[in-house]
Amino acid sequence: MEGDEKVSYRLFDLFFTTCYRMFGAQWRRAMAMLANQPLPKRFRHAKYKSSAPLFGSTSTRWSTHKADDTTVKFPSLHADIEKALGTVSIIPKPWFNDHSEDGKVTQEYFTNVMGRFKCQNQNCSKSGWSSKKVGILIRQFSGNGYYALVFKQRCRVCDKLGVLRLDEDSYVERVVYRLKKWAGIHVEKPVFGGKRGEPHEREFCEACLAGYDCQKASLEE
């Protein structure tokens, strides 16, 4: 009898472990998305301490980062930001802050850019997907430093983080627009046309899971 109990316990333990491995991530994600409520602000950044034309753009770039990073920065695009600012005089001159500890955050703004994701799971049936709602958090620091933190998305089939191929044109336009607004410069609201993308799935979006809302985020104010 005692042997039967041990076998039953082992079978139960195996069943529980298997279910947790298969559905644990989805369960945690469902709890985070419960009632469509964002996570409390104090938890938003706890985990973020750390080519063919796309959407009509001729400028895209695959991100280089660790596979398990949920966000990525593109400091190499600062040169494009400076070029897009042109002769606009912003004093002090904006500089890319690649280390968030350098200076105090004075302002921040959340919006969307566009991009394409490639599933890094070779055994997954889904090779990739496009998104017009890739979350981006733009922060300004004392001394007019800034950075733009781009959030990744997960594959809806295997739940693995996708490798981001950023639409650079939308990134540059969003960041330049925000830097000008913060400097008090009058700018026209950018208009982005084209076909509508696939419906945004919040449960697979790292920005939405961090407490932001890509669905409601306007292009710019």
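The values are calculated or read from the model by the stated rules, or taken from the named source; none is laboratory data. Small disclaimer: the values here were computed from a predicted structure and weren't measured. Reconstructed Cβ throughout: ideal geometry from the backbone, glycine too, with neighbour counts over all protein chains shown. In case anyone asks, the SASA skips ligands and DNA or RNA and just uses the protein heavy atoms, side chains included. Shrake-Rupley method; radii C 1.70, N 1.55, O 1.52, S 1.80 Å.
Taken over segment 80-120, the criterion of being under 18 Å from the mean Cα position of the chain (by Cα) and over 15 Å from residue 147 (Cβ atoms) is satisfied by 112, 114, 115, 116, 117, 118, 119, 120.
Look at residue 173 and say whether it is in contact with a Leu (Cβ under 9 Å, 6 or more places away or on another chain) and open to solvent by 10 Å² or more (accessible area, probe 1.4 Å). When the stated conditions are applied, residue 173 does not pass them. Could you go through segment 177-192 and let me know if any residue there is of a type in the set (Asp, Glu), under 20 Å from residue 137 (Cβ atoms) and at pLDDT below 95. Among the residues of segment 177-192, not one is of a type in the set (Asp, Glu), under 20 Å from residue 137 (Cβ atoms) and at pLDDT below 95, which makes the answer no.
Is it true that residue 134 is more than 24 Å from residue 86 (Cβ to Cβ), open to solvent by 10 Å² or more (accessible area, probe 1.4 Å) and β-branched (Val, Ile, Thr)? So residue 134 fails the test.
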